[in-house]
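This report refers to the structure that appears directly beneath it.
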Amino acid sequence: MAVATTKTGKVARIIADCTGRGWLIFNDKLADGTRSLKVWGWRKEDYEQAKGFLEGLGCKVKLVEFTKHFAQANKTKTVTRLHVQE
């Protein structure tokens, strides 16, 4: 996996390593300059822990949840992300 170069990526890697959850990290830059963090395998409490950690580092963080329908599996689930302004 690539080396984390942003605060968001570093925090995600630390939490994934400590909890043993999170096998793929998406840390995308949005058009407005914020970062969108999604981690496969994380629970909501992992995102909340990351949010607190990032806020402690001086970042502005918004926990975003929305419902998404996955047509192939014919399932609907709640998807969680962090939007981070570093």
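A few points about this structure:
- Test: residue in segment 75-85 that is modelled with pLDDT under 95 and under 12 Å from the mean Cα position of the chain (by Cα): yes
For every residue, the table says whether it meets (1) over 10 Å from the mean Cα position of the chain (by Cα); (2) in a strand (DSSP E or B).
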| residue | (1), (2) |
| --- | --- |
| D46 | no, no |
| Q49 | yes, no |
| E55 | yes, no |
| E65 | yes, yes |
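- Taking the criterion of being aliphatic (A, V, I, L, M) and loosely packed, with under 10 Cβ neighbours inside 10 Å, the residues of segment 30-84 that qualify are A31, A71, A73.
- Among the residues of segment 42-82, those identified as acidic (D, E) and touching a strand residue (DSSP E or B) at 6+ places or on another chain (Cβ under 8 Å) are D46, E48, E55, E65.
- Flag for V11 being in contact with a strand residue (DSSP E or B) (Cβ under 6 Å, 6 or more places away or on another chain), in contact (Cβ under 8 Å) with a residue 12 or more places away in the chain and not hydroxyl-bearing (S, T, Y): no
- Residue check: E65 meets all listed conditions (1) among the charged types (D, E, K, R); (2) touching a Ser or Thr at 6+ places or on another chain (Cβ under 6 Å); (3) touching a residue at least 24 places away in the same chain (Cβ under 8 Å) but one, namely (3).
- Per-region count, segment 19-44, residues under 11 Å from the mean Cα position of the chain (by Cα) and not in a loop (DSSP other than H, G, I, E, B): 12
The values are calculated or read from the model by the stated rules, or taken from the named source; none is laboratory data. What you see is a predicted model; the values in this text were computed from it and never measured. With ideal geometry, Cβ positions are generated from the backbone for all residues, glycine too; neighbour counts draw on all protein chains shown.
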